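Trainee: The structure under discussion is supplied below as structure tokens; questions concerning it will follow.
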Amino acid sequence: MSRASAHGTETRRTADWRDHAACLTTNPSIFYSGDEASTEEARRICTSCPVRSQCLTAAYTERDQWAIRGGRTVDERKRALRDAGGIIARAVADALQDTVHLLTHIYQQHTVTDDGHLIWTDPRVYVTVRGTAYTVNRIGFVGAHGRMPVGHVTRVCDRGGCVAADCLEDSPLREASRRRRVYEQWHGLVDAG
């Protein structure tokens, strides 16, 4: 079975981010035509797309030289990549004004797995991104959870430098953990009585 989208006609394959694209059922020609009306329609679709950053990243990694991807034309993508010093994650983050995307990239570049933990390897304690200093724990939280934390981020394991998802909590996760412990303790008392 095949399907048409802004990414062309494809045969059946494993599900991926493209299956969530706003352009999934759109006539792909608007992403390739180059006329002003089609370009604006393509940008409108891309603006509301939940996988816009993945699409823009793929446009760079696949070296797409024809289509509007992530709401950007080929020339806009080339200019953004040049302005970002050739760093795709920075070009995508800048184009979409998406700090989470950039912090996630930093997280992926500076961590290694060790004995079930994910260890931060960069010697810096703070990393400044777009004029804001982020702690290692905050970067780890964003990279692991895909969102900005609420309140202070704390490490809940005793392994120094660990930034694994299960080992970092923000305020809502700490509250959920506290409630879970209370619930488990209460049920332990009820079961014992």
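Trainee: Find out how many positive minus negative residues lie around Tyr60, taking Lys and Arg as positive, Asp and Glu as negative, among other residues whose Cβ is under 9 Å from that of Tyr60. If you can, show how the numbers build up before the last one.
Mentor: On the way: positive: Arg63, Arg69, Arg77; negative: Glu62, Asp64.
Taking every other residue near Tyr60 into account, the sum is +1.
Trainee: What does the charge count near Cys46 come to, summing +1 for each Lys or Arg and -1 for each Asp or Glu among other residues with Cβ under 15 Å from its Cβ?
Mentor: Numbers: positive: Arg18, Arg43, Arg44, Arg52, Arg69, Arg72, Arg77; negative: Glu40, Glu41, Asp64, Glu76, Asp98.
For residues surrounding Cys46, the net value is +2.
Trainee: Which entry is the computed P(r) over Cα pairs in 10 Å bins from 0, in percent for this structure: (i) 8, 27, 26, 21, 13, 4, 1, 0; (ii) 9, 29, 19, 8, 13, 15, 6, 1; (iii) 9, 30, 23, 17, 13, 7, 1?
Mentor: (i)
Trainee: I need the phi-derived Karplus couplings for region 61-77: 6.51 cos²θ - 1.76 cosθ + 1.60, θ = phi - 60°, integer Hz, Gly and Pro marked x.
Mentor: Whole-Hz 3J(HN,Hα) from phi for region 61-77: 5, 8, 6, 5, 10, 10, 8, 6, 9, x, x, 10, 7, 4, 4, 5, 5.
Trainee: Work out Dmax and Rg for region 85-176 from the C-alpha atoms and quote the Rg first, both in angstrom.
Mentor: 13.0, 41
Trainee: With contacts defined as alpha carbon pairs under 8 Å and 6 or more residues apart, what's the relative contact order of region 2-97 in percent? Please list the in-between numbers first.
Mentor: Values: 116 pairs, mean separation 20.7, N = 96.
The value is 22 percent.
Trainee: Just going by the charge dipole of the chain, with Lys and Arg at +1 and Asp and Glu at -1 on Cβ, which of Thr99, Thr132, His20 is farthest out on the positive end?
Mentor: The residue sitting most towards the positive pole is Thr132.
Trainee: Once the other residues with Cβ under 13 Å from the Cβ of His101 are scored (Lys, Arg +1; Asp, Glu -1), what is the net sum? Working shown, then result.
Mentor: Working: positive: Arg52, Arg90, Arg130, Arg147; negative: Asp94, Asp98.
Around His101, the surrounding residues sum to +2.
Trainee: If one takes the longest principal axis of the Cα atoms in the chain, at what angle in degrees, from 0 to 90 and to the nearest 10, does the Cα axis of helix 99-109 lie?
Mentor: 70 degrees
Trainee: Please report, in debye to the nearest 20, how large the charge dipole of the chain is about its Cα centre when each Lys and Arg carries +1 at its beta carbon and each Asp and Glu carries -1 there. Numbers along the way, then the final one.
Mentor: Working: 26 positive and 24 negative charges, 33 e Å.
Dipole magnitude for the chain comes out near 160 debye.
Just so you know, all these numbers are worked out from the coordinates, no wet-lab data involved. What you see is a predicted model, and the numbers here were worked out from it, not measured in a lab. Here the Cβ is made from the backbone with ideal geometry for all residues, glycine too, and neighbour counts use every protein chain on show.
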